[in-house]
Amino acid sequence: MVVDSSTPAVTAALVRVEDPELPGAGDPQVTVLAERVTVDGRAHGELLAPQIQAVLAEGGAAPGDLAAVVAGTGPGPFTGLRAGMVTAAALGHALDIPVYGVCSLDGIGHGQPGRLLVATDARRKEVYWAVYSGGVRVDGPAVDKPAAVSVEVDAAAGDGADRYAEVFGLPLLPPRYPSARALAALAADRVRAKAPGETLTPRYLRRPDAVAPGERKPALP
Amino acid sequence: MKTEPLVLGIETSCDETGVGVVRGHTLLADEVASSVEEHARFGGVVPEVASRAHFEAMVPTVQRALDTAGITLADVDAIAVTAGPGLAGALLVGVAAAKAYALAAGKPIYGVNHLAAHVAVDTLEHGPLPEPAIALLVSGGHSSLLQVDDLAGRVEPLGATIDDAAGEAFDKVARLLGLPFPGGPPIDRAARDGQIVIPFPRGLSAARDLVEHRFDFSFSGLKTAVARWVEARQRAGEPVPVNDVAASFQEAVCDVLTNKAVDACLDRGVRTLVIGGGVAANSRIRALAQERCDKHGITLRVPRPKLCTDNGAMVAALGAHLVAAGAAPGALGLPTDSAMPITVVTA
């Protein structure tokens, strides 16, 4: 099961990761059996679990058939990101199967040719960004104002790259949001090796907004 | 319908990650991971700090609760989770986790009201709740008077605070007195060595206020009155009698809360009063409520302090009550509602 909630695209996908050693293993070795993506930045908590249920049903699988959970670990707006990651963590815990984290931006940059800027919307007029060379992340992830992202690339991808296209001035490539297939492919070696699962750590990249209180205002005039 | 359902309850509405396991009215596990120390330097709960802590604590706390109860997820009849009211981002962590556990284990899910759960937790200590009952719920986020006709679905709000919650007033006065956050326990301790000598105001208790706000509370004026009293002392270069201020302030809060709660019982002809929420752990409110209930022949039910503050057992207790009552479970798409009204016991 692949889960990503780092962008407004709430994503759940049932994926088969084939063992290349097995006779008859297909190529590509990662097959998306069922996928649900709903673009709604304010309803991650409502949408995700029903989508997981739907892809299981469509793929003819029961929760107990799952071998692993792959979760996009952001960066992404905190509340939505956590909804997906805690879902993945609890699913793995309940089913006693490993959970593997993958940087969500890699779900956009994976397998892309040339030098690519991946940028997703970080709100507050900022983007989460990373740079890929031949599909491999070589810089980032980080969060900055679009104008402060100074990188040598051929093209850009992601909803943040689209939103601030005028600032970046780069040709825009798909996909707009992390691809479940790419996230699965990035975790495929761990899935095949039955590697130990991990304790997921969200890539917040920003500290919580909190300021220690200043001097109390006097109540007397 | 099971009379003694086994329910796992998850609570993340504020700064405590609580997971409890209950069978009927029997408490099997009550595990709480608190982020309160991370909030202390901010003088109040920081929502994002709380949400991050919930995320980290969720799976380990669920595992601890299952271990303590000596069960597995497959054994439970249902999963209950606080759907509101509370901090939106914090609620979402618990609800998303609960949905994943429910989905994975193939169990029904109940998204329940945090305030109703504060009432339900008392059944773990004192057995089934006589209905109707009056409930006084007082914490850092809530101060409400309710009439509970049916804990599984019919709860009527009688009144609530029109400004600060009672626990919030404790926090603010503690800060004023240089006492640590959260303010409830240090004020309770300081008050034991103090005298009730300062006549602080009783909010919404004057005859003219009782017309429209008979069962409502106000603690903002009290907080300001304490601040003015303390500042006047400081400006005069006199020492501030912290223990006396704490005792007098605490008395003003507890006096109004218990007075109105008993008044509600008498007005409605109800013979049972339940007090819950973090402020119900305060020693003075427990003593004063007992005294006043005894005087009027009202049965007082207050859970032990550990069950008064936010926890998962209270959510499990309400869940078990709902399952036993045959209430319909929620959907996997159930939303959180940071302002969930008490008239909605389960979403």
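Pairs are defined by a Cβ separation below 6 Å, a sequence spacing of at least 6 or placement on different chains, a first member in the range B:81-110 that is at pLDDT below 95, and a second member that is of a type outside the set (Lys, Arg); no pair meets this definition. Within the range B:177-229, being part of a helix (DSSP H, G or I), hydrophobic (A, V, I, L, M, F, W, C) and at pLDDT 95 or above holds for B:Ile187, B:Ala190, B:Ala191, B:Leu222, B:Ala225, B:Val226, B:Ala227, B:Trp229. All of A:Val138, A:Val151 fail the test of being farther than 14 Å from A:Ser6 by Cβ, modelled with pLDDT under 95 and touching a Phe, Trp or Tyr at 6+ places or on another chain (Cβ under 9 Å), apart from A:Val151.
Of B:His118, B:His54, all but one fail to be within 14 Å of chain A (Cβ to nearest Cβ) and either surrounded by 24 or more Cβ atoms within 10 Å (Cβ to Cβ) or not in a strand (DSSP E or B) (or both); the exception is B:His54. The single condition among (1) out of contact with any Asp or Glu (no Cβ under 7 Å at 6 or more places or on another chain); (2) assigned to a strand (DSSP E or B); (3) among the β-branched types (Val, Ile, Thr); (4) over 30 Å from A:Ala212 (Cα atoms) that B:Val7 does not meet is (1). Do we find that B:His39 is out of contact with any strand residue (DSSP E or B) (no Cβ under 9 Å at 6 or more places or on another chain) and at pLDDT below 95 in this structure? When the stated conditions are applied, B:His39 passes them. Beta carbons closer than 7 Å, at least 6 apart along the sequence or on distinct chains, pair a first residue in the range A:205-220 that is within 7 Å of chain B (Cβ to nearest Cβ) with a second that is assigned to a loop (DSSP other than H, G, I, E, B) for A:Pro208/B:Val46; A:Ala210/B:Val46; A:Pro213/B:Gly43.
Checking B:Ala264, B:Ala313 one by one, the residue that is at pLDDT 95 or above, of a type outside the set (Ser, Thr, Tyr) and crowded, with 22+ Cβ neighbours inside 10 Å is B:Ala313 and no other. Does B:Leu257 qualify as being in a loop (DSSP other than H, G, I, E, B) and in contact with a strand residue (DSSP E or B) (Cβ under 9 Å, 6 or more places away or on another chain)? So B:Leu257 fails the test. Residues being in contact with a Leu (Cβ under 6 Å, 6 or more places away or on another chain), within 14 Å of chain B (Cβ to nearest Cβ) and either part of a helix (DSSP H, G or I) or polar (S, T, N, Q) (or both) are represented in the range A:36-44 by at least one member. Would you point out which residue out of B:Phe200, B:Phe217 is assigned by TED's automatic domain parsing to the domain that holds B:Pro241, more than 17 Å from A:Ala219 (Cβ to Cβ) and in contact (Cβ under 8 Å) with a residue 40 or more places away in the chain? Every option except B:Phe217 fails the conditions. Looking only at residues in the range A:64-73 that are more than 9 Å from every other protein chain (Cβ to nearest Cβ) and either in a loop (DSSP other than H, G, I, E, B) or touching a Pro at 6+ places or on another chain (Cβ under 8 Å) (or both), the one that is farthest from A:Pro202 (Cα to Cα) is A:Ala67.
Sort through B:Ala347, B:Ala324, B:Ala281 and tell me the only one that's at pLDDT 95 or above and out of contact with any helix residue (DSSP H, G or I) (no Cβ under 7 Å at 6 or more places or on another chain).
It is B:Ala324.
Checked against (1) at pLDDT 95 or above; (2) more than 10 Å from chain A (Cβ to nearest Cβ), B:Ser34 meets all criteria but (1). Every test in (1) at pLDDT 95 or above; (2) more than 24 Å from A:Ile108 (Cα to Cα) is passed by A:Leu22 save one, and that test is (1).
Right, A:Tyr100: outside any helix (DSSP H, G or I), without any contact (Cβ under 8 Å) to a residue 60 or more places away in the chain, buried (at least 23 other Cβ atoms within 10 Å of the Cβ) and not aliphatic (A, V, I, L, M) or not? Answer is no for this residue. Entry remark, the range A:74-97: residues being part of a loop (DSSP other than H, G, I, E, B) and closer than 28 Å to A:Val138 by Cβ number 4 in total.
Residue by residue, here is whether (1) over 30 Å from A:Leu33 (Cβ atoms); (2) under 15 Å from the mean Cα position of the chain (by Cα); (3) among the charged types (D, E, K, R) holds:
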| position | (1), (2), (3) |
| --- | --- |
| A:Ile108 | no, yes, no |
| A:Arg115 | yes, no, yes |
| A:Glu126 | yes, no, yes |
| A:Asp139 | yes, no, yes |
| A:Val149 | yes, no, no |
| A:Ala156 | yes, no, no |
| A:Asp159 | no, yes, yes |
| A:Leu186 | no, yes, no |
| A:Pro196 | no, no, no |
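Considering A:Ala161, A:Ala156, A:Ala184, the condition of being surrounded by 19 or more Cβ atoms within 10 Å (Cβ to Cβ), closer than 30 Å to B:His54 by Cα and away from chain B (no Cβ under 14 Å) is satisfied by A:Ala184 alone. Taking the range B:77-110, which residues are of a type outside the set (A, V, I, L, M, F, W, C) and within 11 Å of chain A (Cβ to nearest Cβ)? Scanning the range B:77-110 gives B:Gly89, B:Gly94, B:Lys99, B:Tyr101, B:Gly106, B:Lys107. Scoring A:Ala61 on the criteria (1) more than 13 Å from chain B (Cβ to nearest Cβ); (2) touching a residue at least 24 places away in the same chain (Cβ under 8 Å); (3) in a loop (DSSP other than H, G, I, E, B); (4) over 16 Å from the mean Cα position of the chain (by Cα) leaves a single failure, condition (1). Out of all the residues in the range B:219-239, is one or more surrounded by fewer than 19 Cβ atoms within 10 Å (Cβ to Cβ), closer than 24 Å to B:Leu136 by Cα and more than 14 Å from chain A (Cβ to nearest Cβ)? No - not one qualifying residue is present in the range B:219-239.
The values are calculated or read from the model by the stated rules, or taken from the named source; none is laboratory data. The model shown is predicted, which means the values in this text are computed figures rather than measured ones. Using ideal geometry, Cβ is built from the backbone for each residue, glycine included, and neighbour counts are taken over all protein chains shown.
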